[in-house]
1. Residue by residue, what Karplus-based ³J(HN,Hα) values in Hz, rounded to whole numbers, does segment 67-77 have, using 6.51, -1.76 and 1.60 with θ = phi - 60° and x for Gly and Pro?
2. So how do 340-351, 204-215 stack up, highest first, on mean other-Cβ count within 10 Å?
3. What residues qualify as long-range amide H neighbours of MET299, i.e. H under 5 Å apart, gap of 5 or more or another chain, H built at 1.01 Å from N?
4. Relative contact order for segment 332-488: what percent, with Cα pairs under 8 Å and sequence separation of 6 or more?
5. Arrange the peptides 139-146, 105-112, 423-430 so that the one whose residues have, on average, the most other Cβ atoms within 10 Å appears first.
6. Enter the Cα centre distance for the pair segment 156-187 and segment 416-475, rounded to the nearest angstrom.
7. Quick one: plug the Kirkwood hydrodynamic radius of segment 74-484 (C-alpha pairs) into Stokes-Einstein at 37 °C, 0.692 mPa s, and report D in µm²/s.
8. Please list 3J(HN,Hα) in residue order for segment 452-465, calculated via the Karplus relation 6.51 cos²θ - 1.76 cosθ + 1.60 where θ = phi - 60°; whole Hz, with x for glycine and proline.
Amino acid sequence: MNKWSASGIKTLGRQYGDEKGDIKTQLPDQNIHKTSGDKTETALPFSNGSTTILFRKADKNEEAYDPFAHREVSHPTTDLDTLVHLLKGCLGSGILAMPLAFYNAGLLFGIIATMLIVVICTHCVHILVKCAHILCQRIKVPSLGFSDVAEAAFSAGPPTVRKWSGFAGGCINLFLAVDLLGCCCVYVVFITKNIQQVVEYYTEIGWPIQYYMVIVAPFLVTLNMVPNLKYLAPFSMLANTLMAVGLGITFYYIFSDLPSITNSGLPNFSSWSQLPLFFGTVIFALEGIGVVMPLENNMKNPDHFIGCPGVLNFGMGTVGVLYTAVGFFGYVKYGERTEASITLNLPTNEMLAQSVKIMIALAIFFTYGLQFYVPREIIWNSLKQHFPSHKTTAEYSIRILLVLGTVGLSAGVPNLGSVISLVGAVTLSTLGLIFPSVIELVTYWEHSGLGKFKWRLWKNTFVILFGILGFATGAYSSILEIVHGEKN
């Protein structure tokens, strides 16, 4: 790392994810400039917790800082490892909702719109990672997380936006927490709906779904008492195995006696009023923006992530094809009977189909622990300073309250399809579309320019407006469906 001083302030840059910088002095509100010959050093008021990073503008003859050469990763991942993790991050329970997405879009329009959203989301990941590389060079740190990228971009951006750096990083952490807690709510509904179907087939119990949520809640609380990710690894492996087997059997049912596509009678385009629900469901299913920076930061060859073809392009292309295929053929198979999760369409009188519902419900149950880990850490890190004593008791109490909160919200809104669409429209359109576009604009505004005819400005404006439109219409339509209780 690069140690230097400006106006008597000594600092050591922070290596994100591992060691922290040794910073004892907080910078003042204004920038500090120190000029020596043709070299200018600028200390920006960029803070990350207790860490302040100084931005140093190198002279033109100085060799450019290479963040990849300065990364120290104890167990770097290969390109194949990263691809597997990327697929795991994107191929979750959302794939089971893709037939419902096509129900809300139509057969032909569903294919075109899904692939378009895949391209836009992939592009937004590209620009986020590219901006992270540029900012790492500017502030001379080896790697940055998602919220760190936003904070660094605003801190080293135009003077008018620098005061918003802390707000930008905080917004991303807030939306990440809301997004993942929203996913946990979806998981609770998904688990209990599948269990309810199996129980009601073999017994005469006619309980409402909220009773099943009460029964599942203590098990979720117990799972989330696990202290750290190391002990969740076996559960993750079990979840992956159960999900793979369950999806394999689900595909078997989809392609068994598949109706003729040309004679299905299904519309190529549904209706304009249903498109916001399609958008929310697809972006919920596709968007893995939260896992991108950790994956890239731990690669052995990080320059392969956004290269051509690159790990990202290959992974997102594979995801796009799989999601489109499941959505298309699932809708052809079940038509107007399509449920919010395709597992709910499987036969209720066959043991194999019932086993799929149990397997995938268990897989999602164990995945809940992994999804819950990130928001619980974000929330605890923002609150722990308020508990000078009994920190362990406070931390585990907050975990219990958060788990019970997701169960309570799920009990109040058990409409799975609308919850999926709402989470996707509100949080993922913001994280996956709006924030990366804003970050690129701020990163390039003064230092590299906006390109010929300001093409970056027009392109990002389009993506931001697309994200805002999806946010507003998707949230509105989802809330209406929740209120009216349609398409469970």
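1. Per-residue couplings from phi come out as x, 5, 6, 9, 6, 10, 10, 5, 10, x, 9 Hz.
2. For the peptides 340-351, 204-215, the packing ranking is 340-351, 204-215.
3. Long-range HN contacts for MET299: THR77.
4. This gives 27 percent for segment 332-488.
5. Taking the mean over residues of other Cβ atoms within 10 Å, the ranking is 423-430, 139-146, 105-112.
6. What the calculation gives is 13 Å, centre to centre.
7. 148
8. Values per residue, Gly and Pro as x: 4, 6, 6, 5, 5, 5, 5, 5, 5, 4, 4, 5, 4, 5 Hz.
Values quoted throughout were computed directly from the atomic coordinates according to the rules given, and no laboratory measurement underlies them. Remember, predicted model here, so these are calculated numbers, not experimental data. So basically every Cβ, Gly included, is an ideal-geometry build from the backbone, and we count neighbours across all protein chains shown.
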